[in-house]
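Only one structure is covered here, and it is reproduced in the block below.
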Amino acid sequence: MDEPTHPPPSEEVPQPIVARSRLAPVQEAYGAWAGHQLACDTCRDIDAGPCPTAARLRRAWEALAHQAVRRVVEGPR
């Protein structure tokens, strides 16, 4: 058969646009902590526990998360 299996997109359908925005600071901090945990040999060793860098990144993420929750609870000033 000569029928295409994937027809080209219609000109009426808008093409997706790549976002050029950043994540929220809490999300970026969590990503830094989680990414470090996955890449660090010390952190990945269950007997060694988290390294000092992971502990620092987790404290930074938790501090940002607590600030965000406080802002939501307290409302606009």
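The values are calculated or read from the model by the stated rules, or taken from the named source; none is laboratory data. On a predicted model such as this, the values are computed, not experimentally measured, just so you know. Cβ sites come from the backbone with ideal geometry, for glycine too, and all protein chains shown count toward neighbours. The accessibility values were calculated without ligands, DNA or RNA, using every heavy atom of the protein model including side chains. Shrake-Rupley method; radii C 1.70, N 1.55, O 1.52, S 1.80 Å.
Below, the figures for the structure above:
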| item | result |
| --- | --- |
| Calculated FRET efficiency for the pair Cys51/Gln27, C-beta based, R₀ 30 Å, to 0.05 | 0.85 |
| Around His66: net Lys/Arg minus Asp/Glu count, Cβ-Cβ under 15 Å | +2 |
| Cα-based Rg and Dmax for segment 24-77, where Dmax is the largest Cα-Cα distance (Å) | 13.6, 46 |
| Accessible area expressed per residue, segment 12-54, with surrounding protein chains retained (probe 1.4 Å, Å²) | 84 Å² |
